Structures are given as C-alpha cells and as structure tokens.
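Peer 1: The following block contains the structure, expressed as structure tokens.
Just so it is clear, none of the values below were taken in a lab; they were calculated from the coordinates. For clarity, every value in this text was computed on a predicted model and none was experimentally measured. In this analysis, Cβ positions are derived from the backbone assuming ideal geometry, glycine residues included, and neighbour counts consider all displayed protein chains.
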Amino acid sequence: MKRLANAGCFVKFSGVVTECGDDWRLDELRPYWDALLAAFGPSRIMWGSDWPVIERAGGFGKWLDAVRALASELTAADRRSIFGGAAQAFYRL
C-alpha cells in the first residue's frame, strides 16, 4: 500500500467488513484505517458504501457510523475529503 501511496494513487475504504460477517467491531477496523490514513492521507482516501453487499455485514448504517467514528478525530475538511472530496478529485467531477 505504501508503494501505491507513494505513486500518487487513491484508495477506497470499502469492502473491509463484508469479509467479517455481521459481528465485526469498530476496533477491528482501526489498524486498517490507521495504515491507510498514514500512507495516503485523507485527501486520497475515498469512503465507499459497499452497497448492497454491506447488507450482509451489518448494514449500511452500521458501516457509515463506523467510518464516521474513525474519522471523527480528523478535521472537518479532512472528513469532507474522505466522504466526497477525494472522489471528486479522483473522478474530476
């Protein structure tokens, strides 16, 4: 992941919990989140809903709440980037 980040790539934070089933916990996501945040920074992380597959892993609301909780330590500008701004930049919207 660091090589991709160093090459200027973006990353989508999605699909992590669909491999866990519906009994995953927020603390299980922290190491992945921290690694992506350190490598890519908030300006190149795109949150992905993983819908409709996420419905098999606790649901859309649980996933959104989890990533909001992880991102709560970031600035409002960084949160806006993760939840839309990075995608706008990547897709040139």
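Peer 1: Hey, if you put +1 on the Cβ of every Lys and Arg and -1 on every Asp and Glu Cβ in the chain, which of ALA89, SER14, PHE40 ends up farthest toward the positive end of that dipole?
Peer 2: Result: ALA89.
Peer 1: Report the one residue of ALA57, ALA5, TRP24 whose Cα lies farthest in the direction of the positive end of the charge dipole of segment 2-91 (charges on C-beta: Lys and Arg +1, Asp and Glu -1; origin at the Cα centre).
Peer 2: Positive-end residue among those listed: ALA5.
Peer 1: Tell me the Kirkwood radius of the chain: reciprocal of the mean inverse pair distance over distinct alpha-carbon atoms, in Å.
Peer 2: Working: mean 1/r = 0.0743 Å⁻¹.
Answer for the chain: a Kirkwood hydrodynamic radius of 13.5 Å.
Peer 1: Zone of SER43 (label point 7 Å along Cα→Cβ, backbone N under 16 Å): which residues in segment 1-30?
Peer 2: 5-11
Peer 1: Count the net charge of all other residues whose Cβ sits under 12 Å from the Cβ of TRP33, scoring Lys and Arg as +1 and Asp and Glu as -1. Don't skip to the end; give the middle numbers.
Peer 2: Values: positive: ARG30, ARG68; negative: ASP27, GLU28, ASP34, GLU73.
That sum, taken over residues with Cβ under 12 Å, equals -2.
Peer 1: Could you give the dipole magnitude of the chain about its Cα centre, charging the beta-carbon of Lys and Arg +1 and that of Asp and Glu -1, in debye to the nearest 20?
Peer 2: Numbers: 12 positive and 11 negative charges, 102 e Å.
For this selection, approximately 500 debye.
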